[in-house]
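Structure first, commentary second.
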Amino acid sequence: MEDELETTLDRLSLPKDKDLPPIIREIVSNAPCSRKVPSFIASLAPLCALASRIRVKYYHDTTRMHSLLLQVVIEGAQSCGKSFAADIEGLIMNDTLKARDKEQRRLEQEYREKKKRRKANEKLEEEPRTTIRVIPPTISKTVLTKRADFYERILGDTLTFWMFAEELAQVTDAGKQGYSNLRTIMRTAYDLGSLFGIDYASDNSYSAIVDINICSMFCATPAALDEYYDRKAIEGGNITRCIVCQLDDDVESDNEVFIPYSDSQLQSINAILEKMMQDTYTPEGQLQPTKEIDMSWLDNECRRFIKRKAKEYSLSGSEAIKVFRKRASVSAFRATTLCYYLYLLEESLKSQSSAFSNQSSVAIQNHCIRIYRFLSEYIIHGMLNRWGDKFNELNAKRAGEAPSQKPRLYDLCTETFTRDQLKLLIKQQELTSPARTFISLWKKLKLIVELDKNTFKKI
């Protein structure tokens, strides 16, 4: 992974720990060095699930609203320390959505018990219409559709589900055992307004067409990730909707520990979490109105990223870059909107106002710009590192042959060139993809042969 990121992420970084938005600030500050970025990534999806009433327009299509929907995978070898993600998830969810769902599930359980005990001619009361939001990987399509439909019937609008799995294999096995095929559902769950439905003739089944929105975080070994994101998932677009965080398996990090949260940190975290819940539900349990956040000041950054990656595509010929760049930007944009929203909440608690001061607004926007720059590159490099070669290979097979037009960067190389010479050319062309990506692609397309580990010859 370090090789994949060397030309870009070394010069891009997140704001200092103290300058990060609330909750994320405390989480990252208490993480050891090797887990600061992974802790940042792991905090995004559960916080986005809580920010269910936030709406934002993306520069590429200002006619429709986006909800802050993210799908995160934490990848690492066995016993490499993926459990930190569960700790972060618990910190955010235990006293918020999980606490609220506990009462809702109690009502459902009581109804099931009454249904079991009722006599043959005894009339059963109406099934409770609950608004449960934390869902397990083993949920069926019927139950998932019913829960989403209840939102709209009871509360009048959609809400974001939250799904967490400490082992991605649970999700894959659930699909094999007859539960929901989440790969299909997750493609529509990434976008607000993308409908999913079931329609059964049986009186005992449930039929509805609903807007299912899911934020998720899965922990996975490389083998489990390969099994879940198989060829169909790669070709179907699941991988472009995913933020993959690859953990280094470094024995030197075994001695690194997470610092326990202080009382003041927990107080700050809980204050923001409470405010997020208040922005979702009224004291009576009804939905708050949606809140649109103006992120138009970030539009130019998004345009620059998309344009830069288009240039990389033209120079490399990598279809993966061409396809991955768009959703990488969308996911980074949504995560950045979350960060801006968290800053806004903190400022409102300080001043009892919903607006920033001019001075704080500039500083916070600058922090958010840094976050977007880092995340957009981090996300696309993660996708390229994990699936770029496979995507290009499948794309070439669909086309029936390798592209006939050789990429321009290839033409700039001498007949025989070294890895260091290629790195220099990449720098001169202001590209961000590492040499490893180009070498791998050109070998796949049979444009070069490897003379030794660091020397290559054009064909």
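The values are calculated or read from the model by the stated rules, or taken from the named source; none is laboratory data. In this text, all values refer to a predicted model and were calculated from it rather than measured experimentally. Note: ideal-geometry Cβ built from the backbone for every residue, glycine included; neighbour counts use all protein chains shown.
Summary of values
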| read-out | value |
| --- | --- |
| Single condition residue 39 does not satisfy, out of (1) surrounded by fewer than 16 Cβ atoms within 10 Å (Cβ to Cβ); (2) of a type in the set (Ser, Thr, Tyr); (3) under 30 Å from residue 301 (Cα atoms) | (1) |
| Elements of type helices (runs of 4 or more DSSP H) in the range 360-459, at least 1 residues being under 30 Å from residue 38 (Cβ atoms) and of a type in the set (A, V, I, L, M, F, W, C) | 389-399, 419-428, 435-444 |
| Filter result for residue 322 (modelled with pLDDT under 95, outside the structural domain of residue 237 (by TED's automatic domain parsing) and farther than 30 Å from residue 100 by Cα) | yes |
| Unique residue being at pLDDT below 95, touching a helix residue (DSSP H, G or I) at 6+ places or on another chain (Cβ under 9 Å) and surrounded by fewer than 21 Cβ atoms within 10 Å (Cβ to Cβ) when the list is 408, 386 | 408 |
| Residue satisfying all of: in the range 109-146; part of a loop (DSSP other than H, G, I, E, B) and of a type in the set (Asp, Glu); modelled with the lowest pLDDT among these | 122 |
| The range 94-112 residues that are in the same structural domain as residue 214 (by TED's automatic domain parsing), paired with ones that are of a type in the set (D, E, K, R) (beta carbon under 8 Å, 6 or more apart) | 97/133; 100/133; 101/133; 111/125; 111/127 |
| Positions within the range 426-453 being polar (S, T, N, Q) and in contact with a Leu (Cβ under 8 Å, 6 or more places away or on another chain), in sequence order | 429, 433, 437 |
| Flag for residue 149 being at pLDDT 85 or above, in the same structural domain as residue 218 (by TED's automatic domain parsing), charged (D, E, K, R) and not in a helix (DSSP H, G or I) | no |
| Of residues in the range 436-452 being touching a residue at least 60 places away in the same chain (Cβ under 8 Å) and surrounded by 22 or more Cβ atoms within 10 Å (Cβ to Cβ), the one farthest from residue 306 (Cα to Cα) | 441 |
| Some residue of the range 154-171 being without any contact (Cβ under 8 Å) to a residue 24 or more places away in the chain and in the same structural domain as residue 37 (by TED's automatic domain parsing) | no |
| Options 120, 148: the member that is out of contact with any helix residue (DSSP H, G or I) (no Cβ under 9 Å at 6 or more places or on another chain), of a type in the set (A, V, I, L, M, F, W, C) and touching a residue at least 60 places away in the same chain (Cβ under 8 Å) | 148 |
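Yes/no matrix, rows are residues, columns are (1) in a helix (DSSP H, G or I); (2) at pLDDT 95 or above; (3) in contact with a Ser or Thr (Cβ under 7 Å, 6 or more places away or on another chain):
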| residue | (1), (2), (3) |
| --- | --- |
| 244 | no, yes, no |
| 254 | yes, no, no |
| 258 | no, no, no |
| 265 | yes, yes, no |
| 269 | yes, yes, no |
| 273 | yes, yes, yes |
| 276 | yes, yes, no |
| 294 | no, yes, no |
| 297 | yes, yes, no |
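Condition check ((1) surrounded by fewer than 13 Cβ atoms within 10 Å (Cβ to Cβ); (2) without any contact (Cβ under 8 Å) to a residue 24 or more places away in the chain; (3) more than 25 Å from the chain's Cα centre (by Cα)) across all residues:
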residue	(1), (2), (3)
246	no, no, no
267	yes, yes, yes
280	no, no, no
295	no, no, no
307	yes, yes, no
316	no, no, yes
323	no, no, no
327	no, no, no
